[in-house]
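Provided herewith is a single structure, encoded as structure tokens, for subsequent inquiry.
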Amino acid sequence: QLMKTWIADVELKSLMIAGICRTVKNSHNDGIAQMLEDIERISEERSIAFKTISLGNLNESAIDEFLVDVLRTDLEAVHPLSYALMKKTGGNPFAMKQFLLTLLRQNLLTYNIGLTKWSWDVDGIRKLSVSENIAELITSRFYEIKAARRVLPAAACLGSTVSVATLEIIQSTCKNSELISEDPSLFDLGSVQESEEMSMSSRYLQDSLRNNIHDDLQQCAEEGFIEFCGDEKFMFVHDKVQEAALRMLQDHSLVRFRLGEILLSMSDEEQLDDCLFEIIGLLKTKPDIIAKQTDERRFQLAHLFYRGGKKAHGMAAYRAAGDYFKLSIDLVSFDTWRHEQDFCLDLYSTAAEAEYNDGRFEQLQVYASRLMQHVEST
């Protein structure tokens with residue numbers, strides 16, 4: 001919103017904005033894609049230069065230059081290694097980094113202290129079986145590093161950027177084995193199979209978060225899986241690392257839901273506000289479980305999602321606010337309107353305002369129509 005305001009401001013002169021984003025279409029960057037389309041449209045209307053530079057994979061010549069610089073050697077010596085890297089990774093920079101780390105661990109790329117130079121086994125590298133899937137390549141590294149196996153799958157369920165404090169809340173709960181075993185889920189799961197699966201998720205969290213989280217995270221950072229980003233937070237260095245961590249879980253949606261339960265039950269009011277978006281993101285992964293709850297529990301969740309919508313709306317994140325409000329509205333029943341009319345009126349009117357601010361006028365009309373129907377019937 002801020003960038004669009006800058007570009008639309010006719011009084012603002014001599015400003016250049018530069019940014020970078022992934023072009024892969026997924027739910028995480030749909031908002032960015034829409035923002036870029038809006039900025040390009042405004043730029044055309046105002047005759048402002050708008051340039052997109054697409055960065056593809058490295059070609060063999062670029063890999064040659066990269067290895068000459070990194071390995072401090074000449075082009076002729078490095079070319080066979082460059083060719084092997086190209087064949088194994090297709091020139092994907094992130095895959096190249098992971099592949100080179102694999103070569104180091106398997107002693108196919110070594111530094112000779114006596115000769116003060118790097119050496120490599122090209123034949124061994126060519127014979128090395130490497131997955132074409134980057135996530136599978138990283139997963140193979142996870143199995144070699146216990147700290148990564150312990151802490152990263154649970155962290156990956158929390159998002160691409162994770163608060164250490166949030167992990168500590170989860171760990172403190174999981175160390176209380178009685179709490180985990182006696183109350184495998186706060187929700188009515190509806191079937192024995194789902195209860196057993198939820199208990200398995202609880203046991204996984206117990207086993208994986210026993211060790212010192214800070215030590216495990218520090219080792220993961222040294223291995224290049226995560227980076228610390230201030231305010232006691234860390235982020236996955238690439239979405240493929242997060243994807244690889246999730247692949248280690250049999251059912252990451254259940255683990256996510258269980259993490260949401262734990263955070264919801266163990267957070268005080270201040271902690272709840274700090275990790276509100278995380279909790280909502282975790283709980284909404286199992287709408288089938290939420291749908292089976294009692295009216296009382298559904299209202300509690302409706303209020304939680306409404307609270308998330310209000311917080312996002314106050315931050316001018318109107319698309320996210322609208323999504324949170326919709327989650328809340330989907331849980332509102334006829335009885336809720338009868339017993340919690342003030343809440344429902346505020347929910348629908350605020351949701352309509354969020355849709356208006358986001359330009360989603362069709363959904364705005366739906367909410368306005370429903371609101372009028374309920375007002376007229378009371």
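So for the stretch 211-268, considering every pair of alpha-carbon atoms, how many percent are separated by more than 19 Å?
Cα-Cα pairs of the stretch 211-268 separated by over 19 Å account for 46 percent.
Here is a follow-up. Excluding residues fewer than 8 places away in the same chain, name every one of the lysines whose C-alpha is closer than 18 Å to that of K51.
Cα-Cα hits under 18 Å: K4, K13.
Moving on to the next point. On average, how much area does the Cα convex hull of the stretch 284-330 cover when viewed from any direction, in nm²?
Result: 3.0 nm².
Mind checking the alpha-carbon convex hull of the stretch 257-378 and giving the volume per residue in Å³?
Here the figure is 102 Å³ per residue.
Same structure, new question: Say each of K13 and E362 gets a label point 7 Å from the Cα, pointing the same way as Cα to Cβ; how far apart are those two points in nm?
Between K13 and E362, the label points sit 4.4 nm apart.
Could you name the aspartates and glutamates whose alpha carbon sits less than 20 Å from that of K117, not counting residues in the same chain fewer than 8 places away?
Partners found: D64, E65, D69, D74, E76.
Under 14 Å from the Cβ of V332, count the other residues' Cβ atoms, weight Lys and Arg +1, Asp and Glu -1, and hand me the total.
Counting the neighbours of V332, the net charge comes to -2.
Going down the table (K146/K284; K284/K311; K240/K286; K88/K127; K292/K326), which pairs top 20 Å between alpha carbons?
K146/K284; K240/K286
Right, another one. Considering only protein heavy atoms and a probe of 1.4 Å, how much of the accessible area of the stretch 235-303 is carbon and sulfur, as a whole percent?
Heavy-atom surface of the stretch 235-303 belonging to carbon and sulfur, 1.4 Å probe: 47 percent.
What whole-number value in Å² describes the accessible area per residue of the stretch 270-378 for a 1.4 Å probe?
53 Å²
Under the rule of at least 5 residues apart or a separate chain, name every residue whose amide H is placed under 5 Å from the amide H of E232.
Under 5 Å from the amide H of E232: no residue qualifies.
If you average 1/r over all unlike Cα pairs in the stretch 79-126 and invert the result, what Kirkwood radius do you get in angstrom?
After inverting the mean inverse Cα-Cα distance, the result is 11.1 Å.
If you roll a 1.4 angstrom probe over the protein chains with everything in place, what fraction of the accessible area of the stretch 64-161 belongs to carbon and sulfur, to the nearest %?
About 52 percent, which is the carbon plus sulfur part of the accessible surface.
How much accessible area per residue does the stretch 84-169 have, in Å², with a 1.4 Å probe?
47 Å²
Follow-up question, since we're still on this one. Expressed in nm to one decimal, what extension gain is obtained for the pair V164 and T73 from 0.36 nm per residue of sequence separation less their Cα-Cα distance?
That pair, V164 and T73, stretches by 28.6 nm at full extension.
Also, quick follow-up: Please give the charge dipole size of the stretch 34-89, origin at the Cα centre, charges +1 on K and R Cβ atoms and -1 on D and E Cβ atoms. Round to the nearest 20 debye.
140 debye
The values are calculated or read from the model by the stated rules, or taken from the named source; none is laboratory data. Because the structure is predicted, anything quoted here is derived from the model rather than measured. Please note: Cβ atoms are built from the backbone with ideal geometry, for glycine as well, and neighbour counts cover all protein chains shown. The protein model used for the area step is the full one, side chains on, heavy atoms only, and it has no ligands, DNA or RNA in it. Shrake-Rupley method; radii C 1.70, N 1.55, O 1.52, S 1.80 Å.
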